[in-house]
Amino acid sequence: MTSRFEALVPTVSLLLLLVLGAKITALVIDAFLPPLPKLECVSEVEKPADSYSFASAFGLKSATRPVKNAPPVRRQESLRGYTLSMTAIGTPSMAIIVKNGKSKLVSVGEKIDGFRLEEVYTDRVKLTKNGRDYWLGMKKGSAAGTVKPAAVKKGKKPEEELVEQVRREGDTFYVPRELLSEMHDLRKIFRYISINPIYRDNKLVGFGVANVKRGSVFDKMGLKKRDIIEKIDGKPIKSESDAFAYFNKLEQLDSLTLTIRRGKESKEFKYEIF
């Protein structure tokens, strides 16, 4: 019995030394390394798995729930592709804006493709959309496209009386100069006549007459529906500015010639101003 006990002593001593060595090693590691985080076991009932999100792992707010009253995503707007062709300063002021080869006459307060015309200047206009301001400038060299209001003359004759003074002899028309001052009111003009720019191969070739009010000055001047005004004083109309250059100096002219395409026929009307 004694001999067996004596035989186990070396084995027990070796085990005690191993345990003691492990303890000492653990103390050394614990002294030089940071403590490990404490782990908690949370049951599925106490904290559902779906409460953990990928965003919360990085300290971000989860976007799994919809945000109320979120503003709609709007694409960035711009005036790229728009061209300011002409401006008319008056009451109301107007501008002709071209997009994709098509022109549109816009008055202050009116819209083009959602852009509202707010202000008109000689060389630029201000538009607004979705609370933002946009400026559209006229290309350099296009100042002729600006129309200024004519001075109001005292004691002028009624417009109807002036229209009655328009006389025709063949293809020559005699127009009172005082009547031309009335033509600087663009709003009034477009009550009597509707015209649209005509493009071929993306080039302006003239202005088409869409409608003419019977008995108006334009009716008296020989213009008819579906006419196409191709030339002014023998010069082709290559831009809206070309037309407005004449429009600006109407009261200074003594005569004017329009070349008109009517169906397959070309006609030339001459206007003598007295």
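Read-outs throughout are calculated quantities, based only on the coordinates presented, and are distinct from any laboratory measurement. This is a predicted model, so every value here is computed, not measured. No Cβ is skipped: glycine too gets one built from the backbone with ideal geometry, and neighbour counts run over all protein chains shown.
What distance in nm separates the simple spin-label points at S78 and E119, each placed 7 Å from Cα in the Cβ direction?
Going from the S78 label point to the E119 one covers 2.4 nm.
So which of K220/K249; K111/K235; K238/K267 end up more than 30 Å apart, counting from Cα to Cα?
Violating the 30 Å Cα-Cα cut-off are K111/K235.
Quick one: of K102/K129; K188/K270; K129/K213, which pairs are farther than 30 Å apart, Cα to Cα?
Table pairs above 30 Å Cα-Cα are K129/K213.
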